[in-house]
Each structure stands twice: as C-alpha cells, then as structure tokens.
Amino acid sequence: MKLLQAGSQECALFLSGLRSRQGAISPEIEQTVRGILDKIRTGGDTALFEQTERLDGVRLDAASVQVGPREVEEAYAALAPASLEAIKTAASRIRAFHLRQLRPSWFSDEDGAIVGMLIRSLDRVGIYVPGGTAAYPSTVLMNAIPAAIAGVAEIVMCTPPRRDGSVAAAVLVAADLCGVHAIYKAGGVQAVAAMAYGTASIPKVDKIVGPGNIYVATAKRLVFGQVGIDMIAGPTELLIIADEEASSACVAADLLSQAEHDPLSTAILLTPSARLAEAVVDELKCQVAQLPRRKTAEASLEQFGAAVVVKGLDEAAALSNDIAPEHLELLVRDPWGLLPKIRRAGAIFMGEASPEAVGDYLAGPNHVLPTGGTARFASPLSVADFQRSSSLIAFSRQKLETLEPALVELARLEGLEAHARAATIRGRA
C-alpha cells in the first residue's frame, strides 16, 4: 500500500489513475461480448447450451437447465443449521428495511384536476448471481427481496453451474426463501443474453439486475435498451476517513475486507494522522499474511491501495466527495458531526462498531451500490428499481376551460397549432 501526502504529485497521479479506469472497457472485451450476445440472440437455446459447455464446462439441455424442486430440497438438507439460520437472519433484516421503501400510489385533487403517479411493479425481472467456484447467497438476498417486495410477478435467476452441473446449496436456499420463481444454470454473457432476448428455456425479462465480472458488466451495458438494468458495477471500493483515535488494526482489517475481493478492488485511507497512516501500513503487512486470499489482497493494495495523509477532516471529506466511493467508513471521534460534509457515497458506515462487512450481509440496506465514482449521481438498489410509474391526469371540463387560454398560448408559441385546436375544439363541443 502506498503512503501518500495529500496534494503531492504522487497522490494526484494515484487519484488520476482511479478516475481513468472508471467505465473503461477494452475494445477486445466488447468485441467478445458482442459476439456471444449475437449468437444467443439468433441461436437461442442451442447457442446458450454451446456457450455454457464451452465456458463453464457443463453440458446442459432444455430438461436440465432449470433447477428443479428436488435440487432445492436437497440444498436445504445440505446446509449446516447455523448457515441456514444466518441466511434467514439476513433475509429478515433486509426484508424489513426494504419494506419501508414501498411507495403507495398518490393523487392530489386541485379544484377539478386530479394529477398524480400510478406506481406499478415490473412484470418479469432477471437476477444474475455470480457462481461457479464461489457461492454468493447475499447477492440473491439483496436483489430478490426488494423485487419481491415491489410486487414483481415473476423473478427468474441465472447463475453459472459448477463443474458437476449443480448450484451451491446456499444460493438455492436463499433463492427459495426470497420467492425466486425459476432458477437457471447459465452464467456470464450467455446468461445476460438469454434474459435480454429470451430463448426456448429462459424467458425474456424486463430488467436485469445483479453483479458480475467485466464481461457480465459489458453485456449488461450492451443490452440496455432491449431491457432495463440496475447499474454497471465495477470492482468494489472502500474509503476510510479515520482520525488519530482510530484503531490501526480495525482500519487495516476493514481495508483488507475489500482488497480480498478482487485485484482491482480499491482500498484507501484518508487521515490527518501520519502516525496512524504508518501504523496501518505496517498492520496491513501483518494481517494480509494470514489471509487465504493473500495474493488477491496484495495485488489490490499494490495497485489501488493508499494511505493518504491530509491536513484535516475537512480536506478528507472533500477528497472523499471527489472520489465518490462505493463504501465509506467514518472512523472518527464524531462521525455524526462529519456526516453533513459527506455528499457522495454509496453507503456510509458510522463509527468503529459499523464495519463495511455488516453492510455486505445483514445490516438491512442494499449492498448493490454505485461504483467507479457513479455515486455522484447513482443510488443503492431499492424497491423503486423494480417499479415503474405512469403519470395520471384527469381534468374536469371546468378546469380545462380555466386553463385553456394558457394552454393555447403555449402551443402556438411553439408553432403547434393542432395542439392548440385540441383544446379549443372542446370549448365548441
């Protein structure tokens, strides 16, 4: 991890490097993804199964691509009781938080004019859950629960099969607990393509949500317009603002909790304490040596890790707002006092007892967050992402007559006479 001074040329170069990779996709990857998308769009199931065998090493057909009830039953039996209870606890907390996001339809009656918004759930949503050698039940919970609460009529899920053609028990149990209607053994670009275009086995959806690697993210970007998407997620990020009272052990542990995800993960400390910055760098060397994913974490820290010494917490907040991180921890004496100065972050964790990891699993708020600086304009996944709204306008004749002069004037101001006559003709009817 680099030890930098805010305002130095080295620090400026580091921050510039972070910004330059935001949204960057190589032409080679895009060309590969376009090729697979086109094959699924034109070839349907045949192409889907060919790509699954080629990329995942699993031979499937129309009878085996969908997870059946027996596989789900076997998944419950395969899970340790403690694991099952942990998933249920997380599901309960996530469901309780997202229930508070429901927006009822509303109307306002203003003297003969009823105007408002009709809120309707999407009909069919597709959830992508990374898999293969790994299992991410938390991804299922965070994506499926708000969709179910929104009232989505049909929730389908695609996840890469393991080499033996199975899906991890924890993923199947989480999907069942969340009310996922159908689970398909398909991963990568081919899964995104199948959900976007539809095949004989996998139905076309209205929106695709869920994380994935650069190929999945590129596929989502390229099918946007055919379907909706939640966001184009990049490597995970954690920025910590800490003062001299923060524990170097806690800061290091939290930075590593992100660094172990991916060699491209970002882990940054901003602190006015040079002593803490140096202690964290030393602590990281000790803690990373004990991690099973040591090589991944070390690669992340080498490329995108930094301990930056700033002049004060005001400068730290300004730098944080400029970076707009996915996750932001405020490990300072008074996090609530610093909070008003924070303008841009996907999720904010307040104080030493709120490590980022609790947000990943069971705090309740969604862990699907904007990355790559997109927290400048984007928000966490929510119930609203699975709903759409329609404007509702119902004028009385009296109200139309009252507003007719202004309506006609605006229409003619824009040179649209038919618009004006659509109002005046009603006065003669």
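The values are calculated or read from the model by the stated rules, or taken from the named source; none is laboratory data. Note that the structure is a prediction, hence the values are computed from the model and not measured. Positions of Cβ are backbone-derived with ideal geometry, glycine not excepted, and every protein chain shown enters the neighbour counts.
Take residue 138 and decide whether it is at pLDDT 95 or above, in contact with an Asp or Glu (Cβ under 8 Å, 6 or more places away or on another chain) and small (Gly, Ala, Ser).
Spelling it out, residue 138 is indeed at pLDDT 95 or above, in contact with an Asp or Glu (Cβ under 8 Å, 6 or more places away or on another chain) and small (Gly, Ala, Ser).
Would you mind telling me which numbered condition in (1) more than 21 Å from residue 219 (Cα to Cα); (2) in the same structural domain as residue 38 (by TED's automatic domain parsing) residue 144 fails?
Checking residue 144 against (1) more than 21 Å from residue 219 (Cα to Cα); (2) in the same structural domain as residue 38 (by TED's automatic domain parsing), the one that fails is (1).
Can you work out which of the residues in segment 101-141 that are in contact (Cβ under 8 Å) with a residue 24 or more places away in the chain and of a type in the set (D, E, K, R) is surrounded by the most Cβ atoms within 10 Å (Cβ to Cβ)?
124
Scanning segment 254-310 for residues that are part of a strand (DSSP E or B) and among the β-branched types (Val, Ile, Thr), which turns out surrounded by the most Cβ atoms within 10 Å (Cβ to Cβ)?
Selected residue: 266.
Tell me, yes or no, whether segment 183-198 has at least one residue that is assigned to a helix (DSSP H, G or I), over 18 Å from residue 368 (Cβ atoms), in contact with a Pro (Cβ under 9 Å, 6 or more places away or on another chain) and of a type outside the set (A, V, I, L, M, F, W, C).
Checked against the condition, which is being assigned to a helix (DSSP H, G or I), over 18 Å from residue 368 (Cβ atoms), in contact with a Pro (Cβ under 9 Å, 6 or more places away or on another chain) and of a type outside the set (A, V, I, L, M, F, W, C), segment 183-198 yields at least one hit.
Condition first: surrounded by fewer than 13 Cβ atoms within 10 Å (Cβ to Cβ) and part of a loop (DSSP other than H, G, I, E, B). Now tell me which residues in segment 63-100 satisfy that.
Answer for segment 63-100, where residues must be surrounded by fewer than 13 Cβ atoms within 10 Å (Cβ to Cβ) and part of a loop (DSSP other than H, G, I, E, B): 63, 68, 80, 100.
For (1) assigned by TED's automatic domain parsing to the domain that holds residue 124; (2) surrounded by fewer than 13 Cβ atoms within 10 Å (Cβ to Cβ); (3) modelled with pLDDT of 90 or more; (4) not in a helix (DSSP H, G or I), each residue gets a yes or a no:
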position	(1), (2), (3), (4)
380	no, no, yes, yes
384	no, no, yes, no
388	no, no, yes, yes
403	no, no, yes, no
411	no, no, yes, no
418	no, yes, yes, no
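Of the conditions (1) in a helix (DSSP H, G or I); (2) modelled with pLDDT of 95 or more, residue 158 satisfies every one except a single condition; which number is it?
The failed condition is (1).
Could you tell me which residue of segment 5-49 is nearest to residue 375 (Cα to Cα), considering only residues that are in contact with a helix residue (DSSP H, G or I) (Cβ under 6 Å, 6 or more places away or on another chain) and modelled with pLDDT of 95 or more?
33
Confirm whether residue 423 is touching a Leu at 6+ places or on another chain (Cβ under 8 Å), touching a residue at least 12 places away in the same chain (Cβ under 8 Å) and closer than 30 Å to residue 119 by Cβ.
Spelling it out, residue 423 is indeed touching a Leu at 6+ places or on another chain (Cβ under 8 Å), touching a residue at least 12 places away in the same chain (Cβ under 8 Å) and closer than 30 Å to residue 119 by Cβ.
For segment 186-208, does any single residue satisfy the condition of being more than 20 Å from residue 381 (Cα to Cα), charged (D, E, K, R) and touching a residue at least 12 places away in the same chain (Cβ under 8 Å)?
Yes - at least one qualifying residue is present in segment 186-208.
Within segment 223-233, does at least one residue satisfy the condition of being in a helix (DSSP H, G or I), assigned by TED's automatic domain parsing to the domain that holds residue 204 and in contact with a helix residue (DSSP H, G or I) (Cβ under 8 Å, 6 or more places away or on another chain)?
yes
Only one of 357, 317 is part of a helix (DSSP H, G or I) and surrounded by fewer than 20 Cβ atoms within 10 Å (Cβ to Cβ); which?
From the options 357, 317, the qualifying one is 357.
Residues in segment 261-284 that are touching a helix residue (DSSP H, G or I) at 6+ places or on another chain (Cβ under 8 Å), farther than 9 Å from residue 305 by Cβ and of a type in the set (A, V, I, L, M): how many?
Residues in segment 261-284 being touching a helix residue (DSSP H, G or I) at 6+ places or on another chain (Cβ under 8 Å), farther than 9 Å from residue 305 by Cβ and of a type in the set (A, V, I, L, M): 5 in total.
Which pairs turn up if I take residues in segment 349-371 that are of a type in the set (Gly, Ala, Ser) and look for partners that are crowded, with 21+ Cβ neighbours inside 10 Å and in a loop (DSSP other than H, G, I, E, B) with beta carbon separation below 6 Å, at least 6 apart in sequence or on another chain?
359/367
Could you please find all residues in segment 264-314 being in contact with a Ser or Thr (Cβ under 8 Å, 6 or more places away or on another chain) and among the small types (Gly, Ala, Ser)?
265, 267, 277, 279, 300, 305, 307
Output the qualifying pairs, or none if there are none: Cβ atoms under 8 angstrom, residues six or more apart or on different chains, first residue in segment 279-291 and small (Gly, Ala, Ser), second residue at pLDDT 95 or above and assigned to a helix (DSSP H, G or I).
Between residues of segment 279-291 that are small (Gly, Ala, Ser) and residues that are at pLDDT 95 or above and assigned to a helix (DSSP H, G or I), the close pairs are 279/248.
Among the residues of segment 238-253, how many are in a helix (DSSP H, G or I) and either at pLDDT below 95 or surrounded by 24 or more Cβ atoms within 10 Å (Cβ to Cβ) (or both)?
So the count comes out to 2.
Can you find, within segment 41-77, the residue that is farthest from residue 226 (Cα to Cα) among those that are among the acidic types (Asp, Glu) and without any contact (Cβ under 8 Å) to a residue 40 or more places away in the chain?
The extreme case among them is 73.
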